[in-house]
Amino acid sequence: MNRFDYVRAGTVEEAVKAIAAGANARFIAGGTNLVDLMKYNVERPGRLVDITRLPLDRIEERDGALSIGALVTNSTVAYDERVKSRYPVLSSAILAGATGQLRNAATTGGNLLQRTRCYYFYDEGTPCNKRLPGSGCGAIGGVNRIHAIFGTSDKCIATHPSDMCVALAALEAEVRVAGPSGERTIPMAEFHRLPGDEPERDTTLKSDEIVLSVDLPAEGFAGHHTYLKLRDRLSYAFALVSVAAVMELDGQTIKTARFALGGVAHKPWRNAEAEGMLVGKPATRETFAAAADRVVSKAQAQSENGFKVELARRAIVRALEQAAAGTPQSQSDKRIA
Amino acid sequence: MASSPETYFGTARSRVDGPAKVTGQAKYAGEFEAPDLAHGYVVSSAIARGAISRIDTAEAEAVPGVIKVFTHENRPRTAWLDYNYQDAVAPPGSPFRALYDEKIQFSGQPVALVVAEDFETARYAASLVKLAYAAEEPETDVTRVRDLSYTPPMKRAGIKPPPEPWGDADAAFDGAPVKVRHAYRHAIEYHNPMEPHASTVVWEGDGRLTVYDKIQGVSNSQGYLTGVFGLKKDEVRVLNPYLGGGFGSGLRPQYQLFLAVMAARELERSVRVTLTRDQMFSFTHRPDVLQTVSLGAGPDGTLQALRHDAVSGTSRYEDYQEVVVNWSAILYRCENVALTYKLAHLDLPTPGDMRAPGAVTGVFALEIAMDELAYATGQDPIALRLKNYSERDQTEGKPFGSKALRACYEQGAERFGWSQRSPEPRSMRDGKELVGWGMATGVWESLMQKSSAQATLTADGKLVVGNSTGDIGTGTYTILTQIAADALGLRMEDVTTKLGDTALAEAPVAGGSWTAASSGTAVMKACRTIANQLFTMARRMDHSPLANVDFDRVVFRDGRIAVADDPSRSVSLAEAMRAGGVDKLEATESAGPDSSHQKEFSAYTHSAIFAEVKIDEELGQVRVTRVVSAVAAGRVINPKTARSQILGGVVMGIGGALEEEGMLDHRLGRVMNHNLGEYHVPVHADIHDIDVIFVDEVDKANPMGVKGLGEIGIVGTMAAVANAVFHATGKRIRELPITVDKIIG
Amino acid sequence: MLIESGSPVAADTRVEISLTINGEARTLQVAPWTTLLDLLRERLDLTGTKKGCDHGQCGACTVLVNGTRLNSCLALAVMKDGAEITTVEGLARMGGGNGLHPLQEAFVEHDAFQCGYCTPGQLCSAAGMLAEGHARTRDEIREAMSGNICRCGAYTNIVDAIEDVMQSGAQG
C-alpha cells in the first residue's frame, strides 16, 4: 500500500474541494474495495478523502419514492423495512452479494463504484488495460471463464461485479451526484459504461464528482420480482450470471417487465428489445424463452466462458418465471425456486 | 505390566487447548513478539521461467524505516550442497533456494526480501523494487508434456513405487466382456490453511536463534536450518505451539523461514516474515495428475483386468512423488494388474503433500471407474465392491492387519438409507431438483513413525508430557493428555501436554495420520516407565500395602496405585514419591513401528462414503445435502475430536469435487486466482449434514490399536460426490471440479 | 496530530485517534494507512484477531465495531476514530461474565474449530450476527456466517454451537 495524504471531509463541499485539489485523490467510505486494491498496488491514490462523516447516511422519502444516501451501508438498505416491502428486489440483490461483515461496511455509493474482479486487473504481474492502459488484456485468450459475453472490446472483457447495481438497473434508479458545477442526475443505464477504447473508465462519473444518493422510482415491483444469482459456490462468490427481474401483470398478461443481467458485461446488462417482447404477452415459459433468446443472440463468448451464454439464457427464463409466479429466489435457502 | 482403567481413552472430550483458542490466547508463528523486531516482506516474481536481468532496489532502500533489501545480488553465503537444503520430507532433487541466483523457476518465486522497522513500511518499499526479466516461455500444462514423462530415477523416501505388474492386464482387458476405460483428472489444488506461512526469528545474541515457524513439526525446521546455515542444534530452538492449519503445506520448511533466518543472522536482530495470501500459492500444491483407469470385468462385474496409469506434474528441480495408482490393487482383487506412475517437468514450484496425498487423486479416479463398472454391469455399487473385495494387500502380498471395510459399507449404507435408492440415473427428484445418491470407498495407509516423548511427574501430582511434534488442529494435545492421564490414573486437569518445541523429545512432523499412533505410544511408554518407578518406590515403603504384589497386578487409578483385585490396598502417587525421596520423576521413551507385525501385515484405514446431491439441472447448481462417512480406523481415542477430523476431510473433499481449482494461464505460467476470493473453498452455505460413523475394528499394529484419522475423511469423498452427480443427472463428469459449466454443458 | 475537518494530513504524519478497545479507552498515534487489523496485531499485541487473507476474503479478522461485525483488514484505523472495538479478547467481557462468552463455551463444547485460526473471526462474526437478529434457521445461519471460512471444515459444528446459543437465548 502506497503512502497518501488523508483528508477527513465534514461537508460535501469540503469533500469535492479536497478531491479536486489532490493529485490522484480518491474518496473512501467503506473501503471494502479500495483498501483491498491499494494492498495489491492496483490503486495508488495520492490522497484519500474520508467521506464517512458526510450527512449522506439516510434513506429518505422523496416524491413518493425512496432516496438512499450514498453512505447508507448495504446492510442497512437490505434490511430497511421500506426497501424490503416496496423494493424487495433491491434488498434481495444486496443480500446475494458479499458477506454479512462486508455489507456492514460497504456503502451504496461504493457499491456503485466497485471495480471489476478480473484476475488480471488485480495482478500487477500481468497485463491489463484497465489497470495500466496500453499494457494489453491478459484475459483475452487467458483465464476468462468469469468474463463478459456482452459489450466487450478488444481492449477489455471485464465484468462489473455488483449485485446491487443489477437490481438498480432493473428498477431504473437514478444516481444523484455533485461536483464543482453543482448537482446532476445520471440514470442507472448511463452510469456504468462499456470498456470500448477506455477500459480504465468504469463509469460516467467525473473524477471531481461525488455520489450523493441513489434515487429509486416510485414503482418498486413488490408483487413480481426476483434476484437470481448463479456462482461457483453457494455464497461469498461473484456472479457467473445473475438476473434481476421485475414485472407487473394484468391477470396472466405482462403489463411491464424489465430484467437486467449481472456478471456478463462491464455494466448491468439490459436489452430493451427483449424486454419489449414481453409486454402484452402471456407470462409463460415460451414468452420468456423468446426474450431470453433475443438477449443471448447478441452474446460473444471468450475462450473459456461460452457456457455463460446458455447459462444466461436459462437464468433469464427462470428469473422471469420466478417473478411472474411471485416466488422470488431466497438468498438463504439455496434451492432455486 | 500394570493395567490402567481407560477413564479417558475412547471418551468424547473437549479440546484441552479449546479455551486458549476461543479467547485468542493461542499464539501462532507470526504472532510472537521480540524486542526490536524487524519485518520482512517478500517481493515475488512476475514471470515463471527465465532470469532476472535487472533488479533495482534504490527507491525501496530510500524509504525511511527500510533496513535492508536482500536480493540474489547481495545475499549472504549459505551452504553449497543440495544435501544441506534437503529437509526430512524432501523428494529427490535440488531443493529450491530463495534468492540464490538470477534464475526464475516458477511464477511467484521470491526475488527480494525488504526488511523494515515495521510491516507497512516493508510492504510499501516492496512495491518500489523494480525488476526486469529475460523471460522464457514457460510450460505449466501437464497435458503438453505427457510424452516427455519419465519414471522417477530416485524414489522418494516413504513412497512406494507401483509394484511390478502381475498377470497380463492388457490382454485380459482386451478379452474382458465388459470394459471401462476413461481418463480422469482433478484440478491443481492449493492447501490454503487459514494461517499464512510465517516465521518469527528471535535473535538471542551470539548467533543463537529462537524461531517460531509455521511448520507441522519443528524438528524438520531445526534440521533444515542447521544444514543450510551451518548452525549447531543447540544454537537454534524452533517452536510452534499452534499451527493455523497445514494439510501438508507445513510439512517442509518454506521459503519464509529461510528468508527470515537469513535476514536475522545478517542484521543480527529479530525478524519476522509473513507471506501474503497470494504468496500462499507460490510454494506447494496438489499436483495436476493425468490418470487413466482401465477395468475389464466379467458380466457379473468380477474384475479380470485392472490398469491404472498416472502422469503427475512436478517441478523442474525436484521429483515429487506420491502413491497414486497402488490403491487400485490394494482395494480390489484382480489377477491381471498393471500400475504405472510417471512424472513430467513443469515450470511450477514442487508440488507437496496435501491431505491424503496421492490417495485423494488415485482413489477419486478408481472409485468413479468402479461406479461406471457398476452401471456397465447392472450391479449395485456396493455389491460390485464386495464382489471384488480384497482380503490381501496384493501390492505387498500380505494380509491386512485389520480391515473392517465390509462393516463400513454396511453401517454407512444403513445410516444413509441406501436401500431406498432407485439405481436408475435421473430417477429421483425433489421438486425442481434432481436427487443423486453416490458412494465410494476410501483408503489410507496406517502409519507409525519413530517418535520420542517425555513425561515428568512432580510431587504435587501434576504430570507434564510432550514431544516436538505439532498439533495441527487434529487434537493431539487432547488425546495425549487423555493417554497420559489414563496411564498414571490421573485426572486430565492434572496433565499438561507440551508440543511443538525442539527442546522437547524429538518426534517427526505431524502428517500421514501417524501422530496418534506414534506420539501416543511414546507418551504411553514414558508414562509407564514412570509408573514402574512409582510402583518400585511404593513397594519398598515400610509396611507397603503393595508388598509382595507384582507390577502386573496393580492398577493406577484416582492418583493411587492399587491392587487390582483388592482396591483397599493402595498407595497414593505422592506417598510413593515421598517414600522414594524424590520430588520429581522423569522419563523419555521412544516408540516405533512393530517391525515383525509390519513384515506380516499391511496396515490401512478404510471408509465408505455416501453422498446425496440435489441439482438444479437447468441452471447447473449442485448442492451436497447429505454425507455419511463410515470409517474403520482401529480404536478411536476421542470420538469428539476424531469426528472433527472426518468432518474436515469430507468438507475438503466436497471442495475438491465442486469448487477447488487453481486456474493457470499457461502463457504466463501463472495461477491467476491466487486468493481466497477466486480460489473457491467451501463456505458455510456449501456444507449441510455430515454424519460420521466409526466402525469397531481391532488392530494390533501398536499397543493402543489406533490407526490415524487425519486423511481418511477426504479420500473417496470426491468420487462419492461425482458418482452422486451421475446418479442425479446421468452425466458422467471425469474432470473435477464439477462446476456449473460441466453440468449444463 | 489531531485531525481537522477538510485539512489534509500529509502522508508521513501520525494522526491522533481515540478508540475504546475491549472497554479500555485508548489514545493512539496512527499512520493513515494502518488498518484496524494491523493496529490490533502489530501495535497493541491483540493477536487474537487473525490475518488470513488481508483482503476481506476469509473473515478471520472479523471484529465488532460499535457492535457491528466488520472485516478489520479493510478498515483504516484512522477512519474508526471514536469507535468502540470488541475483539475476541474482549468477547467474554461483552458476555458479562468473567469466564467465557456463551459462544466461546458453545464452540468448545461442540468442537467448533480445529486449528483455531479462523475461530476468533467466527466468534466475533457469530456475536455480530446474533445481534443483527436476521438469522433464525440453520439455512439462514449458514448464509449469514458464509463470510467466515474454516479450512479445517468445522462448519457443521460451528452452526451447532451458534444454534445452541441462539436457542438458549444467552446472546451476551
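Do the conditions hold for A:Asp208, that is, is it open to solvent by less than 40 Å² (accessible area, probe 1.4 Å) and more than 14 Å from chain B (Cβ to nearest Cβ)?
So A:Asp208 does not fit the description; no.
Whether any residue in region B:671-682 is aromatic (Phe, Trp, Tyr) and within 14 Å of chain A (Cβ to nearest Cβ) is what I want to check.
Yes; the residues of region B:671-682 include at least one that is aromatic (Phe, Trp, Tyr) and within 14 Å of chain A (Cβ to nearest Cβ).
Pick out the one residue from B:Gln321, B:Gln304 that is in the same structural domain as B:Phe400 (by TED's automatic domain parsing), under 16 Å from B:Pro161 (Cα atoms) and either surrounded by fewer than 24 Cβ atoms within 10 Å (Cβ to Cβ) or not β-branched (Val, Ile, Thr) (or both).
From the options B:Gln321, B:Gln304, the qualifying one is B:Gln321.
Among C:Leu103, C:Leu74, which is outside the structural domain of C:Cys152 (by TED's automatic domain parsing), open to solvent by less than 40 Å² (accessible area, probe 1.4 Å) and modelled with pLDDT of 95 or more?
Only one candidate passes the filter, namely C:Leu74.
A quick yes/no check of all residues on (1) under 19 Å from the mean Cα position of the chain (by Cα); (2) in a helix (DSSP H, G or I); (3) over 10 Å from B:His684 (Cα atoms); (4) outside the structural domain of C:Thr86 (by TED's automatic domain parsing):
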{"residue": "C:Gly116", "(1), (2), (3), (4)": "yes, no, yes, yes"}
{"residue": "C:Ala135", "(1), (2), (3), (4)": "yes, no, yes, yes"}
{"residue": "C:Cys152", "(1), (2), (3), (4)": "no, no, yes, yes"}
{"residue": "C:Asn157", "(1), (2), (3), (4)": "no, yes, yes, yes"}
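Would region B:80-87 turn up any residue that is over 30 Å from the mean Cα position of the chain (by Cα), within 14 Å of another protein chain (Cβ to nearest Cβ) and surrounded by fewer than 21 Cβ atoms within 10 Å (Cβ to Cβ)?
Within region B:80-87, none of the residues are over 30 Å from the mean Cα position of the chain (by Cα), within 14 Å of another protein chain (Cβ to nearest Cβ) and surrounded by fewer than 21 Cβ atoms within 10 Å (Cβ to Cβ).
Please go through region B:584-614 and give me each residue that is crowded, with 24+ Cβ neighbours inside 10 Å and farther than 21 Å from B:Ser451 by Cα, ordered by number.
Quick first cut of region B:584-614, residues crowded, with 24+ Cβ neighbours inside 10 Å only: B:591, B:603-614.
Result: B:His606, B:Ser607, B:Ala608, B:Ile609, B:Phe610, B:Ala611, B:Glu612, B:Val613, B:Lys614.
Out of region A:1-21, which residues are facing chain C (nearest Cβ under 7 Å) and either within 18 Å of A:Leu212 (Cβ to Cβ) or not in a strand (DSSP E or B) (or both)?
A:Met1, A:Arg3, A:Phe4, A:Ala9, A:Gly10, A:Glu14, A:Ala18
Restrict the check to region B:123-139 and report whether at least one residue is farther than 26 Å from B:Ala79 by Cα, at pLDDT 95 or above, β-branched (Val, Ile, Thr) and open to solvent by less than 60 Å² (accessible area, probe 1.4 Å).
Looking for residues that are farther than 26 Å from B:Ala79 by Cα, at pLDDT 95 or above, β-branched (Val, Ile, Thr) and open to solvent by less than 60 Å² (accessible area, probe 1.4 Å), one finds at least one in region B:123-139, hence yes.
Can you tell which of B:Arg54, B:Arg49, B:Arg15 is of a type in the set (D, E, K, R), within 14 Å of chain C (Cβ to nearest Cβ) and farther than 30 Å from B:Ser570 by Cβ?
Being of a type in the set (D, E, K, R), within 14 Å of chain C (Cβ to nearest Cβ) and farther than 30 Å from B:Ser570 by Cβ holds for just one of B:Arg54, B:Arg49, B:Arg15, which is B:Arg15.
Among the residues of region B:712-740, write down those that are within 18 Å of B:Val681 (Cα to Cα) and not small (Gly, Ala, Ser).
Across region B:712-740, the qualifying residues are B:Ile714, B:Val715, B:Thr717, B:Met718, B:Val721, B:Glu735, B:Leu736, B:Pro737, B:Ile738, B:Thr739, B:Val740.
Kindly indicate which of C:Thr68, C:Thr156, C:Thr119 is of a type in the set (Ser, Thr, Tyr) and over 22 Å from B:Gly245 (Cβ atoms).
Being of a type in the set (Ser, Thr, Tyr) and over 22 Å from B:Gly245 (Cβ atoms) holds for just one of C:Thr68, C:Thr156, C:Thr119, which is C:Thr68.
For residues that are touching a Lys or Arg at 6+ places or on another chain (Cβ under 6 Å) and open to solvent by 20 Å² or more (accessible area, probe 1.4 Å), scanning just region B:177-204, find the one that is nearest to the other protein chains (Cβ to nearest Cβ).
Checked region B:177-204; the qualifying residue nearest to the other protein chains (Cβ to nearest Cβ) is B:Trp203.
In region C:125-172, which residues are more than 12 Å from chain A (Cβ to nearest Cβ), open to solvent by 50 Å² or more (accessible area, probe 1.4 Å) and among the hydroxyl-bearing types (Ser, Thr, Tyr)?
Once the filter is applied, which keeps residues that are more than 12 Å from chain A (Cβ to nearest Cβ), open to solvent by 50 Å² or more (accessible area, probe 1.4 Å) and among the hydroxyl-bearing types (Ser, Thr, Tyr), region C:125-172 yields only C:Ser168.
Does B:Ala459 meet the test of being over 27 Å from the mean Cα position of the chain (by Cα) and farther than 15 Å from B:Arg528 by Cβ?
Yes, satisfied.
Going through B:Ile530, B:Ile479, B:Ile483, B:Ile472 one at a time, which residue ends up being closer than 21 Å to B:Tyr8 by Cα, touching a residue at least 60 places away in the same chain (Cβ under 8 Å) and either open to solvent by 10 Å² or more (accessible area, probe 1.4 Å) or touching a His at 6+ places or on another chain (Cβ under 9 Å) (or both)?
Step by step, each of B:Ile530, B:Ile479, B:Ile483, B:Ile472 is checked, and only B:Ile479 is closer than 21 Å to B:Tyr8 by Cα, touching a residue at least 60 places away in the same chain (Cβ under 8 Å) and either open to solvent by 10 Å² or more (accessible area, probe 1.4 Å) or touching a His at 6+ places or on another chain (Cβ under 9 Å) (or both).
If I filter region C:21-67 down to residues being part of a strand (DSSP E or B) and touching a residue at least 60 places away in the same chain (Cβ under 8 Å), which single residue comes out as nearest to B:Gln279 (Cα to Cα)?
C:Thr62
One residue is enough: does region C:46-54 have a residue meeting the conditions closer than 25 Å to C:Thr156 by Cβ and away from chain B (no Cβ under 11 Å)?
No, region C:46-54 contains no residue that is closer than 25 Å to C:Thr156 by Cβ and away from chain B (no Cβ under 11 Å).
Results for (1) in contact with a Ser or Thr (Cβ under 7 Å, 6 or more places away or on another chain); (2) closer than 21 Å to A:Ser75 by Cα, shown as yes or no for each residue.
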residue: C:Gly52; (1), (2): no, no
residue: C:Ala60; (1), (2): no, yes
residue: C:Val63; (1), (2): yes, yes
residue: C:Asn71; (1), (2): yes, yes
residue: C:Ala75; (1), (2): yes, yes
residue: C:Lys80; (1), (2): no, yes
residue: C:Ala83; (1), (2): no, yes
residue: C:Val88; (1), (2): yes, no
residue: C:Leu91; (1), (2): no, no
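Having 3 or more residues that are within 34 Å of the chain's Cα centre (by Cα) and under 17 Å from B:Ser513 (Cβ atoms) is the bar; report the strands (runs of 3 or more DSSP E) wholly within region B:563-660 that clear it.
B:604-616, B:621-632
Is it true that some residue in region A:40-47 is within 8 Å of chain C (Cβ to nearest Cβ), open to solvent by less than 10 Å² (accessible area, probe 1.4 Å) and in contact with a Gly (Cβ under 9 Å, 6 or more places away or on another chain)?
No.
Among residues belonging to region A:276-325 that are of a type in the set (A, V, I, L, M), under 25 Å from A:Asp154 (Cα atoms) and part of a helix (DSSP H, G or I), point out the one that is nearest to the other protein chains (Cβ to nearest Cβ).
At the first step, the residues of region A:276-325 found to be of a type in the set (A, V, I, L, M) are A:277-279, A:283, A:289-292, A:295-296, A:299, A:301, A:309, A:311-312, A:315-317, A:319-320, A:323-325.
After this cut, where a residue has to be under 25 Å from A:Asp154 (Cα atoms) as well, the list is A:295-296, A:299, A:301, A:309, A:311-312.
From what's left, part of a helix (DSSP H, G or I): A:295-296, A:309, A:311-312.
Numbers: A:Val295: 16, A:Val296: 13, A:Val309: 10, A:Leu311: 6, A:Ala312: 11 Å.
Among those that are of a type in the set (A, V, I, L, M), under 25 Å from A:Asp154 (Cα atoms) and part of a helix (DSSP H, G or I), it is A:Leu311.
Of the conditions (1) open to solvent by 60 Å² or more (accessible area, probe 1.4 Å); (2) touching a strand residue (DSSP E or B) at 6+ places or on another chain (Cβ under 6 Å); (3) not in a strand (DSSP E or B), B:Glu493 clears all except one; give me its number.
It is condition (2) that B:Glu493 fails.
From the set of residues in region B:18-33 that are crowded, with 18+ Cβ neighbours inside 10 Å and not in a loop (DSSP other than H, G, I, E, B), which is farthest from the other protein chains (Cβ to nearest Cβ)?
B:Ala29
Quick grid of which residues meet (1) open to solvent by 10 Å² or more (accessible area, probe 1.4 Å); (2) under 22 Å from B:Ile738 (Cα atoms):
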residue: B:Pro357; (1), (2): yes, yes
residue: B:Phe364; (1), (2): no, yes
residue: B:Glu367; (1), (2): no, yes
residue: B:Leu373; (1), (2): no, yes
residue: B:Tyr389; (1), (2): no, no
residue: B:Lys403; (1), (2): yes, no
residue: B:Arg406; (1), (2): yes, no
residue: B:Tyr409; (1), (2): no, no
residue: B:Arg415; (1), (2): yes, no
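Could you list, in sequence order, the residues of region B:205-219 that are open to solvent by 10 Å² or more (accessible area, probe 1.4 Å) and not charged (D, E, K, R)?
B:Gly205, B:Gly207, B:Thr210, B:Tyr212, B:Ser219
The values are calculated or read from the model by the stated rules, or taken from the named source; none is laboratory data. Quick caveat, the model's predicted, so the values are computed rather than measured. Glycine also receives a Cβ, built like all others from the backbone with ideal geometry; neighbour counts cover every protein chain displayed. For the accessible areas, the whole protein counts, side chains as well, though only heavy atoms, and no ligand, DNA or RNA atoms are used. Shrake-Rupley method; radii C 1.70, N 1.55, O 1.52, S 1.80 Å.
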